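Here is the structure we will look at.
The values are calculated or read from the model by the stated rules, or taken from the named source; none is laboratory data. Predicted, not measured: the structure shown is a model, and the values here were computed from it. Counting neighbours? That spans all protein chains shown, and the Cβs are built from the backbone with ideal geometry, glycine included. All accessible areas refer to the heavy atoms of the entire protein, side chains included, with ligands and DNA or RNA removed. Shrake-Rupley method; radii C 1.70, N 1.55, O 1.52, S 1.80 Å.
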Amino acid sequence: MRKTLLITGASRGIGAATALLAGKRGYNICVNYLSNSEAASQIVNQIKTDGGHAVAYQADVSKEAEVLSLFQKIDRDFGPINALVNNAGILETQSRVDQMDLERLMRIFNKNVVSAFLCTREAIKRMSTRYGGSGGAIVNVSSIAARTGSPNEYVDYAMSKGAIDTFTIGLAKELAAEGIRVNGVRPGFIYTDIHADGGEPNRVDRIKETLPMQRGGQPEEVANAILWLLSEESSFSTGSFIEVTGGR
Ligand code: NAP
């Protein structure tokens, strides 16, 4: 039987690449997006062209009511999910901490941390053997920023990814005996639209020469790590992280 996978922020970037790859691996794909319905439709259509099953779901996953409604719609369309990728996330303009206001910090934590908390809570209720579920796998998309701290650029973002790492470690232990594995990926500099949101669309090209592999990464390279962590090939791994950083 096909497993059902919800990927938050799957209309573009790493989430979209993960959706396309997971579609080829036989999952039913729930393609969540915030506002870009055209991009989400393109991903759904491509998955269907490749022979897979997918539905697009608009929801701001940082808002509790929208997450509850999202899971109800997925229950209706596919039944309880078996896998979750907490991928949706944002950056704001490069800035020092002394120039950041509280509203910005709250936006970053809402979009990057609260979203993962809300989706995970709903996923547990459907996947945990404690609730009669059949288990599952969760992958949280963190960042190398959790380790480097992103000074002079996005310390707020790095803090939020540190929270995601701690969430991953705690959840993995809390859920290990209930059939749910929880792991993380920490991408480095990957070619996606997110850098434009930070005010520097060509950021990866500026930095790539300083990386050990001397190149930026592709979203598909992160997707491969995510799919491995979702799969039974990683059946004895929980609370672990894969860095996809070209050696940084
Ligand atoms: P991206 O290309 O900017 O795509 C962001 C995706 O998230 C879009 O599909 C967007 O939907 C969706 N989204 C944003 N806020 C949302 C919300 N509140 N609810 C639902 N969907 C939302 O980003 P990306 O670079 O692929 O990043 C994906 C993840 O990887 C993020 O967690 C990011 O922090 C992490 N990461 C990225 C890099 C990198 O270099 N790219 C490095 C390390 C970590 P719309 O299309 O509707 O706007």
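Contact map, segment 86-99: residues that are closer than 19 Å to Gly13 by Cβ and more than 11 Å from the ligand (Cβ to nearest atom) paired with residues that are hydrophobic (A, V, I, L, M, F, W, C) and in a loop (DSSP other than H, G, I, E, B), Cβ distance under 9 Å, separation 6+ or inter-chain. Pairs shown: Glu92/Met100. In segment 33-62, the qualifying residues are those that are among the charged types (D, E, K, R) and more than 8 Å from the ligand (Cβ to nearest atom), and the one that is nearest to Asn110 (Cα to Cα) is Glu38. The sole residue among Ser69, Ser35, Ser41 that is open to solvent by 10 Å² or more (accessible area, probe 1.4 Å) and not in a helix (DSSP H, G or I) is Ser35. Look at segment 214-225: where a residue is modelled with pLDDT of 95 or more and a partner is basic (Lys, Arg) and assigned to a helix (DSSP H, G or I), sitting 6+ places away or on another chain with Cβ atoms under 7 Å, you get Gln214/Lys208; Arg215/Lys208; Gly216/Lys208. Tell me yes or no: at least one residue of segment 156-166 is exposed (fewer than 14 other Cβ atoms within 10 Å of the Cβ) and of a type in the set (A, V, I, L, M). No, segment 156-166 has no match at all. Taking segment 100-124 only, how many residues are under 14 Å from Leu6 (Cα atoms), among the polar types (S, T, N, Q) and either in contact with a helix residue (DSSP H, G or I) (Cβ under 7 Å, 6 or more places away or on another chain) or without any contact (Cβ under 8 Å) to a residue 24 or more places away in the chain (or both)? Qualifying residue count, segment 100-124: 1. Answer yes if at least one residue in segment 22-32 is of a type in the set (Ser, Thr, Tyr), within 15 Å of the ligand (Cβ to nearest atom) and open to solvent by less than 60 Å² (accessible area, probe 1.4 Å), and no otherwise. No: zero hits.
Inside segment 214-223, residues that are over 19 Å from Thr168 (Cβ atoms) and under 20 Å from the mean Cα position of the chain (by Cα) make up a count of 6. Residues that are open to solvent by 20 Å² or more (accessible area, probe 1.4 Å) and either in contact with a Cys (Cβ under 9 Å, 6 or more places away or on another chain) or within 28 Å of Asp98 (Cα to Cα) (or both) within segment 118-155 comprise Ala146, Arg147, Thr148, Gly149, Pro151, Asn152, Glu153, Val155, listed in sequence order. The residue of segment 167-196 that is least open to solvent (accessible area, probe 1.4 Å), among those that are among the acidic types (Asp, Glu) and in contact (Cβ under 8 Å) with a residue 40 or more places away in the chain, is Glu178. If you take the residues in segment 197-213 that are modelled with pLDDT under 95 and under 20 Å from the mean Cα position of the chain (by Cα), which one is surrounded by the most Cβ atoms within 10 Å (Cβ to Cβ)? My answer is Gly198.
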